[in-house]
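Let me begin by presenting the structure, written as structure tokens, before commenting on it.
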Amino acid sequence: MAPMTRPEIMARIGGKNTRPERRFRAMLRVAGIRGWRCNLRGVPGTPDVAFLRERVAVFVDSCFWHACPVHGRTPKHDADFWSWKLRANSERDARVDGELASSGWRVVRFFECGDWKEVLDEVLQHVQRGGRVRARPGGGRA
């Protein structure tokens, strides 16, 4: 069997339902926050979690693929390619954030190494500002 080419390898990398995304959605459920959709198509950037009515888009970014300033690193092998790829990802993130903001969306973007409790609180504040609070009565916070 011939070795895979870079495009074949890159095509196998999943972009949906990653472990950090699943963890964040579990935190939303535990906190009793409802009314969100995951991987919403038709919205710029396909947010990992979106509150459609409140127009809040949440992106859970991995430290590697989105060039986290603390944990992100550029691989030494084929450094030119990786430097370009990671820079392009960051530029795309900024462009998507701008498109969403100009369409009236509030964007919450955080790295997987971030303070998850703080992010959950920020999302809840945005959802509450959007008009409807959807936390279940008695629903605890993670």
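Could you give every pair whose Cβ atoms fall below 8 Å, whose first residue belongs to the range 65-77 and is without any contact (Cβ under 8 Å) to a residue 12 or more places away in the chain, and whose second residue is assigned to a loop (DSSP other than H, G, I, E, B), counting only separations of at least 6 or pairs across chains?
Final answer for the pair search is Arg73/Phe64.
Given the residues Arg134, Arg106, Arg141, which is the only one that is surrounded by 17 or more Cβ atoms within 10 Å (Cβ to Cβ) and at pLDDT below 90?
Arg134
Condition first: small (Gly, Ala, Ser) and out of contact with any Lys or Arg (no Cβ under 9 Å at 6 or more places or on another chain). Now tell me which residues in the range 30-60 satisfy that.
Gly42
Report, by residue number, each residue of the range 73-97 that is of a type in the set (A, V, I, L, M) and closer than 25 Å to Asp48 by Cβ.
Across the range 73-97, the qualifying residues are Leu86, Ala88, Ala94, Val96.
Could we say that Phe64 is touching a Gly at 6+ places or on another chain (Cβ under 7 Å) and either within 30 Å of Thr5 (Cα to Cα) or modelled with pLDDT of 90 or more (or both) here?
Answer is yes for this residue.
Does Phe81 fit the bill of being aromatic (Phe, Trp, Tyr) and either at pLDDT 90 or above or in a helix (DSSP H, G or I) (or both)?
Criteria met by Phe81.
Considering only the range 35-64, how many residues are within 10 Å of the chain's Cα centre (by Cα), in a loop (DSSP other than H, G, I, E, B), farther than 10 Å from Glu21 by Cβ and in contact (Cβ under 8 Å) with a residue 12 or more places away in the chain?
Of the residues in the range 35-64, 2 are within 10 Å of the chain's Cα centre (by Cα), in a loop (DSSP other than H, G, I, E, B), farther than 10 Å from Glu21 by Cβ and in contact (Cβ under 8 Å) with a residue 12 or more places away in the chain.
When you go through Arg73, Arg29, Arg22 one by one, which is the residue that is assigned to a loop (DSSP other than H, G, I, E, B) and among the basic types (Lys, Arg)?
Arg73
The values are calculated or read from the model by the stated rules, or taken from the named source; none is laboratory data. Note that this is a predicted model, so its numbers are computed, not measured. Every residue, glycine among them, receives a Cβ derived from its backbone with ideal geometry; neighbour counts consider all protein chains shown.
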